[in-house]
Structure formats: C-alpha cells, structure tokens
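Chemist: Below you'll find the structure I mean.
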Amino acid sequence: MSQALREFLLKKAKLEKLFKWGVRWSLWPVHLVTSCCGVEVAHTSGPGFDAERWGVLPFHTMRQSNVILVEGTITKKMAKVLKMVYEQMPEPKYVIAMGACAVRGGLFWNSYHVVQVDTVVPVDVYIAGCPPTPEAVIRAFIMLHNKIKGQPGPYVEPTKVDLTPYLPPPPKPQPKPMAQQAG
Amino acid sequence: MSAKIPPKCPPPADHPLLEKLKAALGDAILNHGVTPEGHLCLMVPPGKVREVATKLKELGFDHVLSLSAVDYMAEGKFLVTYVYASYLNPDLKNQLLHVRAEIPRNDPKIASIADIYPSADYDERECHEMFGIWFEGNPHMGKRFLLDPDCCIDEKTGKPLYPLRKDFKVPDWGLMG
Ligand code: SF4
C-alpha cells in the first residue's frame, strides 16, 4: 500500500522534484570517526566553515541520518561495524569516503589489517587528501547535491566579485619622452 | 656472509642508577649498557623476569611504560623489552629503565608480570597477538585482543599467524591497490 502511494506521489503527482529538493538540503551525515580525519570534520561544522549552510547537520545516530561519512582508516574489525551501520540507515543513503586512508589505504596501504571502503560498501563521493581540508569536505557535499539533482560532477561555480573599488588605481600612462635631437 | 645484527644492549658506560641496581639485583644482571638517550639498559635471564620485577617495585618503579619484542630471525631469538618508569619517586624522575631478556624463537615462553605490574597486562596481550609470545600466568593468552577474529589465520592449518614477525607475508595489493 505504502509502496503504491509512494509511486503515485512521486510519478503521478510529480512530487519527485520536491522530494529530491528535500533530500538535497537535509544531508545529515553520521560520523564514523575512525582516525585523524575526524578533526577536519569538526572544523567543517564549526563556526569558521559552517557546513550547515548546505544542510549538513552532524548526527551521531545512524537511524536518523542518510549520509555516512567515513573519516579515515577502516580496519578489518571496523569494516564489520561500517557494514552494520550502513545497513541500519534508511533509504536513500549515500557514502562519502574521506581521506587517502579510506579511499585506497593511504598511509597503511598494503597492510595486514586495513581494508578499502569501496570493497565493503558502495561509495558515492571520494575526497582525496591527508587530511582533506574542510573546503574539500564541503565540495564533496556539493558534489552529492549535484548527484541527487542528476548532474554528477564537481559542478562548483565560482562567484564573481568586483574588486575594483578596493584596488589601487591603475598607473596613468606617462607621456613619451621626446626623442633627443642631436645638435 | 651473515647479516649484520644490531647490538642487544648498547655499549656499557657509567650511570647514576647502576650501583643501586647492582646491589639490589645481584647476579640477575647479565650485562648492562646505556642508550644514546642516557637510559640504563639491563640484560637479564628470562627465568628471572618476575624476580627482577618484584625487586624493581620495591625500589620505587611504579609502572611498566611499555613492553614489546624484537624478532631476530637470523639468530632464532626474540628479545623482550620491558621499560620501567616512575611517577611518584623523585629520585627516579626522568629515568627510563630498559630490561631485556632473550627467549628462543621456536618455543617463545616467558613468565607474565601482569600481577606485579597491572599496567603490563594490555601490553602482554598485544605482544602475544603480534609475536606469538606466550606469557605464562596471564589469563588472556590464546585469545584475540586487537586483531579481527577472522584476520591473519593460516588457511590450511587454521592456526593464527603473527603479523609483526619477520616471516609474516603481508597481502600484496598490486600496483593500483
Ligand atoms: S587520510 Fe591522513 S588524516 Fe585521514 S585518517 Fe588517514 S592518515 Fe589520518
């Protein structure tokens, strides 16, 4: 019944756009702070960068959130926890792998106890860096916005700022020195 | 030509603690040295580790800072290193005392000091898991502590493998990982 209602609302009543808009501006990540990358996420949500401007509200329970932000190294023991957390999250859900460790193993590449995140859960966005800056984390969320909108890619438009009132005036063209006349 | 083997104990030198320790420990000291940082290092027989620990506790060393092992594969030996330190005794401030013991690699067994120094318990469990050294008397031997239960197990025999031993083969992820 609820499935039929959902089909009707999304397809017939054309609510899909509204639904996507709602998902896009309420990406609530669950922290999986397994290593040092978690420090940068703290900066991302702090007053300096304030990722809540893009709807990124950090959450600590997986059952009320729809993004999982894997911050750092995943060991074989933690991979089981990651899978369990991922399966408890409601649909639609997205995974962001943050840092060199989560992407390919990073510092602990080819180790006896480290796994890559994409072998455990499907990853939507990768963030490179060790550690990635808060700007990179915000860009990952904007990439996720674009993915939900249906135009994947790092589609970040630069904002044009007119700086001319603050710049020093351009130097005036000097009159050309007269050619010296002999004699 | 054999591989060059690093020294087990640094070269001997004078140290302010040496007199006191020689009087207390007697013939339990096989050898001694001073590390480049100025810490005293003692070599003891593996059978006397508990005796040494009891006497050091009486001298005022109140915790074991670290306990680890070094794998000398060419010689067939493990070198177990205990680092003792003190928080409360003002004479022993800024002093680290290294105590080392050699055990054979094919039968790695040494007495546990976890009941004398409770701070050595976790280190012994980790050392057991990484090197396969059996600390006799510690109730947690033979169990996994930090490693995943499914990780580092020999597929043919089902026995655990010890990842920090020199002959452990790390999985090869290839060029692109
Ligand atoms: S990528 Fe770098 S900063 Fe991030 S968890 Fe790994 S080592 Fe730490």
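Chemist: Kindly evaluate A:Y86 against the criterion of being touching an Asp or Glu at 6+ places or on another chain (Cβ under 6 Å) and away from every other protein chain (no Cβ under 14 Å). If you could, list the steps in order and put the result at the bottom.
Modeler: On the way: touching an Asp or Glu at 6+ places or on another chain (Cβ under 6 Å): no; away from every other protein chain (no Cβ under 14 Å): yes.
Criteria not met by A:Y86.
Chemist: Now a separate question. Return the residue satisfying two criteria in turn: it lies in the stretch A:113-160 and is hydroxyl-bearing (S, T, Y) and surrounded by fewer than 19 Cβ atoms within 10 Å (Cβ to Cβ), and of such residues it is farthest from the other protein chains (Cβ to nearest Cβ). Full working, then the answer.
Modeler: Filtering the stretch A:113-160 down to residues hydroxyl-bearing (S, T, Y) leaves A:119, A:126, A:133, A:155, A:159.
Okay, now just the ones that are also surrounded by fewer than 19 Cβ atoms within 10 Å (Cβ to Cβ), so A:119, A:133, A:155, A:159.
Numbers: A:T119: 11, A:T133: 24, A:Y155: 28, A:T159: 37 Å.
Among residues in the stretch A:113-160 that are hydroxyl-bearing (S, T, Y) and surrounded by fewer than 19 Cβ atoms within 10 Å (Cβ to Cβ), the one farthest from the other protein chains (Cβ to nearest Cβ) is A:T159.
Chemist: Return yes when A:A4 is surrounded by fewer than 18 Cβ atoms within 10 Å (Cβ to Cβ) and within 16 Å of the ligand (Cβ to nearest atom) and no when it is not. Quick ask: steps written out before the conclusion?
Modeler: Values: surrounded by fewer than 18 Cβ atoms within 10 Å (Cβ to Cβ): yes; within 16 Å of the ligand (Cβ to nearest atom): no.
Here the answer is no, as A:A4 does not meet what is asked.
Chemist: So in the stretch B:129-177, with the set limited to residues that are small (G, A, S) and within 11 Å of another protein chain (Cβ to nearest Cβ), which one is surrounded by the most Cβ atoms within 10 Å (Cβ to Cβ)?
Modeler: B:G177
Chemist: Now, a different point. Could you identify the single residue in A:V30, A:V56, A:V39 that is within 16 Å of the ligand (Cβ to nearest atom) and touching a residue at least 12 places away in the same chain (Cβ under 8 Å)? Before you say what the answer is, go through the steps one by one.
Modeler: Details: A:V30 fails: within 16 Å of the ligand (Cβ to nearest atom); A:V56 fails: within 16 Å of the ligand (Cβ to nearest atom).
Criteria check complete, one pass: A:V39.
Chemist: May I ask you to list the residues in the stretch A:59-73 that are crowded, with 22+ Cβ neighbours inside 10 Å, more than 16 Å from the ligand (Cβ to nearest atom) and of a type in the set (S, T, Y)?
Modeler: Of the stretch A:59-73, the ones crowded, with 22+ Cβ neighbours inside 10 Å are A:65, A:67-73.
Add one more test, that the residue is more than 16 Å from the ligand (Cβ to nearest atom), and what stays is A:65, A:67.
Residue satisfying the conditions is A:S65 alone.
Chemist: Something else: Out of the residues in the stretch B:90-118 meeting the condition of being surrounded by 15 or more Cβ atoms within 10 Å (Cβ to Cβ) and polar (S, T, N, Q), tell me which one is modelled with the lowest pLDDT.
Modeler: B:Q95
Chemist: Applying the selection to the stretch B:57-82, what residues are touching a residue at least 60 places away in the same chain (Cβ under 8 Å), surrounded by fewer than 18 Cβ atoms within 10 Å (Cβ to Cβ) and assigned to a strand (DSSP E or B)? Don't jump to the end; show me each part of the working.
Modeler: We begin by selecting, within the stretch B:57-82, every residue touching a residue at least 60 places away in the same chain (Cβ under 8 Å); these are B:57, B:67, B:69, B:71-75, B:79.
Still in the list and also surrounded by fewer than 18 Cβ atoms within 10 Å (Cβ to Cβ): B:57, B:72-75.
Scanning the stretch B:57-82 gives a single hit, B:Y72.
Chemist: Within the stretch A:78-92, how many residues are in contact with a strand residue (DSSP E or B) (Cβ under 8 Å, 6 or more places away or on another chain) and over 22 Å from A:Y112 (Cα atoms)?
Modeler: Summing the residues that are in contact with a strand residue (DSSP E or B) (Cβ under 8 Å, 6 or more places away or on another chain) and over 22 Å from A:Y112 (Cα atoms) in the stretch A:78-92 gives 3.
Chemist: Before we move on, is B:Y87 surrounded by fewer than 21 Cβ atoms within 10 Å (Cβ to Cβ) and over 21 Å from B:E37 (Cα atoms)?
Modeler: Details: surrounded by fewer than 21 Cβ atoms within 10 Å (Cβ to Cβ): yes; over 21 Å from B:E37 (Cα atoms): no.
Judged against the criteria, B:Y87 is not a match.
Chemist: Taking only the stretch B:79-130 into account, find how many residues are more than 26 Å from B:K169 (Cα to Cα) and charged (D, E, K, R).
Modeler: Going residue by residue through the stretch B:79-130, those that are more than 26 Å from B:K169 (Cα to Cα) are B:82-101, B:111-121.
Within this subset, residues satisfying the condition of being charged (D, E, K, R) are B:91, B:93, B:100, B:115, B:121.
Adding up the residues that qualify gives 5.
Chemist: Moving on. Tell me which residues, restricted to the stretch A:95-119, are in contact with a Pro (Cβ under 9 Å, 6 or more places away or on another chain) and either farther than 22 Å from A:P134 by Cα or away from the ligand (no atom under 12 Å from the Cβ) (or both). Spell out the reasoning first.
Modeler: Of all residues in the stretch A:95-119, those in contact with a Pro (Cβ under 9 Å, 6 or more places away or on another chain) come to A:95-96, A:98-100, A:110-113.
Within the stretch A:95-119, A:V95, A:I96, A:N110, A:S111, A:Y112, A:H113 meet the criteria.
Chemist: Another question, if that's okay. Which residues, taken from the stretch B:133-161, are at pLDDT below 90 and either closer than 14 Å to B:F78 by Cα or of a type in the set (S, T, N, Q) (or both)?
Modeler: Listed by number, the residues that qualify are B:N138, B:T157.
Chemist: Sticking with this structure for a sec: Identify the single condition in (1) away from every other protein chain (no Cβ under 14 Å); (2) farther than 25 Å from B:L21 by Cα that B:Q95 does not satisfy, given that it satisfies every other one.
Modeler: With (1) away from every other protein chain (no Cβ under 14 Å); (2) farther than 25 Å from B:L21 by Cα applied to B:Q95, the lone miss is (2).
Chemist: Continuing with the same structure: Test each condition in (1) at pLDDT 90 or above; (2) within 16 Å of the ligand (Cβ to nearest atom) for A:E87 and report the one that comes out false.
Modeler: So A:E87 meets the others, but not (2).
Chemist: Follow-up. What is the number of the single condition among (1) within 16 Å of the ligand (Cβ to nearest atom); (2) out of contact with any Phe, Trp or Tyr (no Cβ under 6 Å at 6 or more places or on another chain); (3) part of a helix (DSSP H, G or I) that A:P131 does not meet?
Modeler: (3)
Chemist: Another one. Might you check whether a residue that is of a type outside the set (V, I, T), farther than 26 Å from B:F61 by Cα, away from chain A (no Cβ under 14 Å) and in contact with a helix residue (DSSP H, G or I) (Cβ under 9 Å, 6 or more places away or on another chain) occurs anywhere in the stretch B:110-126? Walk me through how you get there before you give the answer.
Modeler: Taking the stretch B:110-126 first, the residues of a type outside the set (V, I, T) are B:111-112, B:114-115, B:117-126.
Among the residues that remain, those that are also farther than 26 Å from B:F61 by Cα are: none.
Checked against the condition, which is being of a type outside the set (V, I, T), farther than 26 Å from B:F61 by Cα, away from chain A (no Cβ under 14 Å) and in contact with a helix residue (DSSP H, G or I) (Cβ under 9 Å, 6 or more places away or on another chain), the stretch B:110-126 yields no hits at all.
Chemist: Still on this model: Residue check: is A:L10 within 20 Å of A:I148 (Cβ to Cβ), surrounded by fewer than 13 Cβ atoms within 10 Å (Cβ to Cβ) and of a type outside the set (F, W, Y)?
Modeler: No; evaluated as a whole, the condition is false for this residue.
The values are calculated or read from the model by the stated rules, or taken from the named source; none is laboratory data. Since the model is a prediction, treat every value here as computed from it, not as a measurement. So basically every Cβ, Gly included, is an ideal-geometry build from the backbone, and we count neighbours across all protein chains shown.
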